[in-house]
Amino acid sequence: MPWPHGYIIDLDGTVFEWGTTSFISGVPEAIRSIVAAGNDILFITMRGHPHLAGSPRKLPGEEETRAVLDTIGVPYRLVWGLASGRVLIDDANHSVFRHVVKDRGWDHVRGRDVPGEVVAR
């Protein structure tokens, strides 16, 4: 059995239409497929970050966001209030992929098929 992957997925503009709890087309099915293939999900978001406190846009709160994520029906972890401009540092020799969902959508993201551009190895 292949080693599982840990998918780190931003919420706004990737899982949800920006600033809402409306799923982008294909997200629930793709997430279920990723987890069914034995992988883990870590959702990250800047929602709740102090930098956004003065924003005129009212973003959904953590409780509302979790309730909608729960409808996917898979285990996940959520890091709330993580600053944007993320950097992943890891000792493992895994590929790091950048997948731009707004350009490609989620319809082809299934389990072990990790589409995207190899950024580092």
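Taken together, the values in this text are just the output of simple stated rules run on the coordinates, not laboratory data. Because the structure is predicted, anything quoted here is derived from the model rather than measured. All Cβ positions, even for glycine, are placed from backbone atoms using ideal geometry, and neighbour counts span all protein chains on display.
Taking 7 Å steps out from each Cα toward its Cβ at LEU88 and TRP3 produces label points 1.3 nm apart.
Put simply, the amide H of ASP12, placed in the peptide plane, has neighbours under 5 Å in MET46, leaving out anything fewer than 5 places away on its chain.
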